[in-house]
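The structure under discussion appears below in the form of structure tokens.
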Amino acid sequence: MILDDRLRAGATIVLDGATGTEIARLGGAMNGAAWCAVANTTHPDIVRRVHEDYIRAGADVVTTNTFATCRHVLAGAGLADDTAAINRRAVELALEARDRAAAARPVAVAGSMSTTFAWTAGTTRPDPAFMPERDEETANYHEMAGILADAGVDLLIMEMMEDLDHAVRCVDAAVATGLPVWVGINCALRSDGSLVGGEASRADDPGRPPLTTLIDALMAQGADVYGIMHSTVAATGPALDCLMERWKGPVMAYPESLGTFDTGTHLATQADLPEEFAGSCLDWQSMGVQIVGGCCGTTIEHIRALVGRLPPPHDASGFIDAGPSG
């Protein structure tokens, strides 16, 4: 994989920023059940543009628009039979963007997988009508991982891993492909100051696993990189401390920057300005975090600000002299 040498050397790798909220911001189609998944076929030019813009901003890794394209999610949009085609198209768009925008340097394409389910209309809560049985869910994760691998992604990135059940099955399916697997753990600070898996808005819901328990369960699956993602900047720092006490391999951090998220329009506002976001990423880099980027609410400008403040080989123009691809 083209980033292996850089990881072994301890170099900093820049992940892209938000995909779904950027597609929405640029006018891509959104779906009440499957969020940004439909844009791969309805607005391919916008999806490709998001990837190209991140590459030109200096990202070393772009993430396919497949966060919400597992079969049981697409079923909520009436698109289950199009699962393979939608996922393959997402990878094609990322590869096309790399060919257009990264001729002079290596850029990796990460295939996104998540444990999200089809949303109930007007919310981000799972729709009970499309919740799969355990065996069906497991089969769907393996199907999707295989599609992404066969379509040509360089690695699989597991996003919003936040529980002890669905997340473990999803990571297991990714590891089974033999591709490098990067695991992004979603966590939040509870009102009592403890860290648990899940989003900030649901931190005090009963049944959320302690972050330490979640980390241990996911580490047992044997992935290559672990990190904290889609978590607030305030929660990310202490969560990284917790992770790095347990995991001694490469670590990534890509927080959200969501001020608000409109479940009707799927448009997001920013909680952190690009320079503030970049400063937080540099703080984590100084702790030993090797992979930095952004999640929901972050934009091209956030990644451009981050790249502009990194020392060589990242320079202000966004060109990364990483040597020949491997």
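Values as computed for the structure displayed
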quantity: For the range 81-219: span of alpha carbons on each principal axis (Å, largest first); calculated: 50, 35, 31
quantity: The chain - share of DSSP beta bridges that are antiparallel (%, nearest 5); calculated: 25 percent
quantity: Mean shadow area of the range 136-281 over all directions, Cα convex hull, nm²; calculated: 9.9 nm²
quantity: Extension reserve of the A234-S194 stretch, reckoned as 0.36 nm per residue once the Cα distance is removed; calculated: 13.2 nm
quantity: Rh (Kirkwood; distinct C-alpha pairs) - the range 54-118, Å; calculated: 12.6 Å
quantity: The range 121-197 shape via C-alpha gyration tensor axes, a/c threshold 1.5; calculated: oblate
quantity: Ranked packing of 277-285, 180-188, most packed first, by mean Cβ within 10 Å; calculated: 180-188, 277-285
quantity: Percent antiparallel among DSSP beta bridges (both partners in the range 116-257, rounded to 5); calculated: 30 percent
quantity: Cα-based equivalent ellipsoid of the chain: semi-axis lengths in Å, sorted from largest, via gyration tensor; calculated: 26, 23, 20
quantity: Efficiency of FRET from Cβ geometry, T269 and R309, R₀ 25 Å, rounded to 0.05; calculated: 0.60
quantity: Size descriptor, Kirkwood hydrodynamic radius, that averages inverse alpha-carbon separations across the range 210-268, Å; calculated: 12.7 Å
quantity: Kirkwood Rh, Cα atoms: Rg over Rh of the range 187-235; calculated: 0.98
quantity: Euclidean distance between Cα centres, the range 38-58 to the range 267-299, Å; calculated: 20 Å
quantity: Relative contact order for the range 177-326, counting Cα pairs under 8 Å that sit 6 or more residues apart, in percent; calculated: 17 percent
quantity: Potential extension, D5-E276 segment - 0.36 nm per residue separation minus Cα distance; calculated: 94.6 nm
quantity: Relative packing of peptides 82-88, 205-211, 113-119, 289-295 - highest average C-beta neighbours within 10 Å first; calculated: 289-295, 113-119, 82-88, 205-211
quantity: Per residue, the convex hull volume that the Cα atoms of the range 1-151 enclose (Å³); calculated: 116 Å³
quantity: Rg over Rh [alpha-carbon atoms, Kirkwood Rh] for the range 1-61; calculated: 1.11
quantity: Nitroxide proxy distance, nm - points 7 Å out along Cα→Cβ at D216 and T41; calculated: 4.4 nm
quantity: Probe 1.4 Å, accessible area per residue of the range 1-126, Å²; calculated: 32 Å²
quantity: Highest-MSF residue in the chain out of L258, L273, L218 [GNM, Cα springs under 10 Å]; calculated: L273
quantity: Phi-based couplings in Hz for the range 277-286 (Karplus 6.51, -1.76, 1.60; Gly and Pro marked x); calculated: 4, 4, x, 5, 4, 5, 4, 5, 4, 5
quantity: Per residue accessible area in Å² of the range 155-217, where ligands, DNA and RNA are left out and the probe is 1.4 Å; calculated: 34 Å²
quantity: Accessible surface of the chain, 1.4 Å probe, proportion on carbon and sulfur as whole %; calculated: 50 percent
quantity: Computed lengthening from A80 to D262, 0.36 nm per intervening residue step minus Cα-Cα distance; calculated: 63.0 nm
quantity: Cα-projected label distance for M131 with A104, points at 7 Å along beta-carbon direction, nm; calculated: 5.2 nm
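The values are calculated or read from the model by the stated rules, or taken from the named source; none is laboratory data. Computed from a prediction, not measured in an experiment: that's the story for all the values here. Positions of Cβ are generated from backbone atoms using ideal geometry, with glycine treated the same way; all protein chains shown enter the neighbour counts. Areas reflect the complete protein model, heavy atoms only, side chains present, ligands, DNA and RNA absent. Shrake-Rupley method; radii C 1.70, N 1.55, O 1.52, S 1.80 Å.
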